[in-house]
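The values are calculated or read from the model by the stated rules, or taken from the named source; none is laboratory data. In this text the structure is predicted, and so the values were computed from the model without any measurement. Using ideal geometry, Cβ is built from the backbone for each residue, glycine included, and neighbour counts are taken over all protein chains shown.
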Amino acid sequence: MEYDGTRYSGWQEQKNARTVAGEIQSAAQKILGEEIELDGAGRTDSGVHALAQVARLKAKKELKPVKLLNSLNQILPGDIHIISAEAVGPRFHPRHDAVRRFYLYQISLRRSAFWKKYVWWIREHLDLKAMQKASSLVVGAHDFERFADKRSEEGSTIVVVDRIEMEHRGSMILIRIGASHFLWKMVRRIVGCLAQVGARRLSVDDFAALLNSAPLVKPLDQFSVASSTAPSSGLFLERVVYDDGEDPGPLAPALPNLFPF
């Protein structure tokens, strides 16, 4: 499924908040006439979008996937769309069975009347080469505690990042990060700190020190990673992969018709 997360308090259903999962669950229960279970592959945060979120819907009533898809799309608001649906085995779980997730972040280098909901506009000049050099340090196993707003149910803060790509396309900088899993706000804080490197408020060595779990020395010990968190508007859950051999394809903007180069 795809969704524009602007109007929602994230994916996960919450009391007294409008969420993507809540909208889908409500629509499915109207169609099926029963309580259903809904699990997603990634718990996108408030304002974060998805190009290919994967979810599992469990119900007692049997309904052909294409009929369920069409019925859901008739009821769901226009900023949530089910792209495809298929029957799966009882042991499939969209989150536990995923081998890799890819997130895409979009930085705009110019003001736009149309892009605001889907980019982070940065007014100042960014040193892309320094950002790329710093980003290469993210690949591998690191303790991302400094880059996470840890949820109580999350265990270790060590994450293995398999891949990071960064390209300058016209008036956009595209950043893709792939890993088996991500910590809460981890991608946005990595991007935010990379932007600080690009603006020359952090050096590449400073960024490397933030990735290191060792104590920071002055004046870097006064730097706030949390305050550098990139806005949710530019972040997309791009793809969820269930096969190690599957590739996300060429790096491209989330909405190519909206972002011409």
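Computed values, structure above
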item: Enumeration of residues in segment 232-249 that are within 11 Å of V119 (Cα to Cα) and either among the aliphatic types (A, V, I, L, M) or part of a strand (DSSP E or B) (or both); result: L235, F236
item: Sole residue being in contact with a Gly (Cβ under 9 Å, 6 or more places away or on another chain), closer than 16 Å to L251 by Cα and touching a residue at least 24 places away in the same chain (Cβ under 8 Å), chosen from R163, R169, R176; result: R163
item: Residues (charged (D, E, K, R) and either closer than 14 Å to S84 by Cβ or at pLDDT below 95 (or both)) located in segment 13-34; result: E13, K15
item: Out of A208, A214, A195, A252, sole residue that is in contact (Cβ under 8 Å) with a residue 60 or more places away in the chain, aliphatic (A, V, I, L, M) and in a loop (DSSP other than H, G, I, E, B); result: A252
item: From the options I158, I173, residue that is β-branched (V, I, T), under 16 Å from W121 (Cα atoms) and in contact with an Asp or Glu (Cβ under 9 Å, 6 or more places away or on another chain); result: I173
item: Residue that is surrounded by the most Cβ atoms within 10 Å (Cβ to Cβ), among those in segment 210-233 that are touching a strand residue (DSSP E or B) at 6+ places or on another chain (Cβ under 8 Å) and hydroxyl-bearing (S, T, Y); result: S233
item: Residue that is nearest to the chain's Cα centre (by Cα) [pool: residues in segment 24-45 that are more than 12 Å from A55 (Cβ to Cβ) and either surrounded by 20 or more Cβ atoms within 10 Å (Cβ to Cβ) or not polar (S, T, N, Q) (or both)]; result: D45
item: Close pairs from segment 1-23: first assigned to a helix (DSSP H, G or I), partner among the charged types (D, E, K, R), Cβ under 6 Å, at least 6 apart; result: T6/K117; A21/E13; G22/E13
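Residue-wise test of (1) in contact with a Gly (Cβ under 7 Å, 6 or more places away or on another chain); (2) in a loop (DSSP other than H, G, I, E, B).
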| site | (1), (2) |
| --- | --- |
| Q29 | no, no |
| E35 | no, yes |
| S46 | yes, yes |
| Q53 | yes, yes |
| V66 | no, no |
